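> Have a look at this one before I ask anything.
The values are calculated or read from the model by the stated rules, or taken from the named source; none is laboratory data. Because the structure is a prediction, the values reported are computed rather than measured. Here the Cβ is made from the backbone with ideal geometry for all residues, glycine too, and neighbour counts use every protein chain on show.
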Amino acid sequence: MAIGLILFLVVVAALIIGAYNGLVTLRNRYRNAYAQIDVQLKRRYDLIPNLVETAKGYIKHERNTLEEVTSARAAATAANTKAAAKPGDPTAMRELSSAETTLTGTLGRLFAVAESYPDLKANSLMKNLMEELTSAENRVAFARQAYNDTVTFYNTRRELFPSNLIANNFGFGPAELFLVQNAEEKQAVNVNF
């Protein structure tokens, strides 16, 4: 009888330890996946001031568009910093998604304005910056997909029995996906120079 009880307790302890360690591993994976998004977003944010500076000399009458891009970049950078401090946090991820949607929209308007300036379209620095930005957009999309896959796996695991008992008792809350806010952002930024 005593051996059976000891064996039962060992099995229960192994299940608890396994579930806890599995949740820690998955939480660290989605945090790492977010770190990859963070790297790509910072690369993207670093390209934007150069793009704006290059465009300034050509589109003097479009100051409002340039200011909107600069403002949207600042907001997205701040939201990314907050999200990077707590990857998966629902509030931080929603703020980042919203800021990224705004930034993508303002960049789209900048590209539309730039289309009407032939000298700007022909500028080699502008072309190179646009190619880099397109590459950065693709990398962000791939990193976001990897993050969302990892978060989905983590959230599924934390909801399954017996992991859900461990998750609820040890503070493993749900992680938020990095979702696209609107249909416009679902389409890649169109760069035609």
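> Show the residue pairs that are 6+ apart or on different chains and have beta-carbon atoms under 9 Å apart, the first residue being within segment 44-68 and within 10 Å of residue 126 (Cβ to Cβ), the second being surrounded by fewer than 12 Cβ atoms within 10 Å (Cβ to Cβ) and not hydrophobic (A, V, I, L, M, F, W, C).
58/119
> Provide a single number: the residues in segment 141-154 that are surrounded by 20 or more Cβ atoms within 10 Å (Cβ to Cβ) and of a type in the set (S, T, N, Q).
1
> Now for a different question. For residues that are within 23 Å of residue 108 (Cβ to Cβ) and of a type in the set (Asp, Glu), scanning just segment 127-176, find the one that is nearest to the chain's Cα centre (by Cα).
The residue in question is 137.
> Within the group 54, 101, which residue is polar (S, T, N, Q), at pLDDT below 90 and part of a helix (DSSP H, G or I)?
54
> When segment 22-65 is examined, which residues are found to be exposed (fewer than 14 other Cβ atoms within 10 Å of the Cβ) and in contact with a helix residue (DSSP H, G or I) (Cβ under 7 Å, 6 or more places away or on another chain)?
Passing the criteria: only 56.
> When you check residue 25 against the structure, is it out of contact with any strand residue (DSSP E or B) (no Cβ under 9 Å at 6 or more places or on another chain), free of Cβ contacts under 8 Å to residues at least 60 places away in the same chain and among the polar types (S, T, N, Q), yes or no?
yes
> Go through segment 69-82 and give me each residue that's in contact (Cβ under 8 Å) with a residue 24 or more places away in the chain and in contact with an Asp or Glu (Cβ under 7 Å, 6 or more places away or on another chain).
76, 80
> Continuing with this model, one more query. Check 134, 156 and return the single one that is within 23 Å of residue 30 (Cα to Cα), part of a helix (DSSP H, G or I) and among the β-branched types (Val, Ile, Thr).
Matching residue, one of 134, 156: 156.
> With respect to residue 107, is the statement that it is in contact (Cβ under 8 Å) with a residue 24 or more places away in the chain and buried (at least 19 other Cβ atoms within 10 Å of the Cβ) true?
Taking the combined requirement at face value, the residue satisfies it.
> Next question. Pick from 85, 112, 79: which is surrounded by fewer than 16 Cβ atoms within 10 Å (Cβ to Cβ) and over 18 Å from residue 132 (Cα atoms)?
Exactly one of 85, 112, 79 is surrounded by fewer than 16 Cβ atoms within 10 Å (Cβ to Cβ) and over 18 Å from residue 132 (Cα atoms), namely 85.
> Considering only residues that are touching a residue at least 24 places away in the same chain (Cβ under 8 Å), acidic (Asp, Glu) and either under 14 Å from residue 49 (Cβ atoms) or assigned to a helix (DSSP H, G or I) (or both), which ones fall in segment 83-98?
none
> So which of 43, 63 ends up being assigned to a helix (DSSP H, G or I), within 21 Å of residue 179 (Cα to Cα) and of a type in the set (Lys, Arg)?
43
> Follow-up. Of the conditions (1) of a type outside the set (Phe, Trp, Tyr); (2) within 30 Å of residue 86 (Cβ to Cβ); (3) surrounded by 14 or more Cβ atoms within 10 Å (Cβ to Cβ), residue 138 clears all except one; give me its number.
Failing condition for residue 138: (3).
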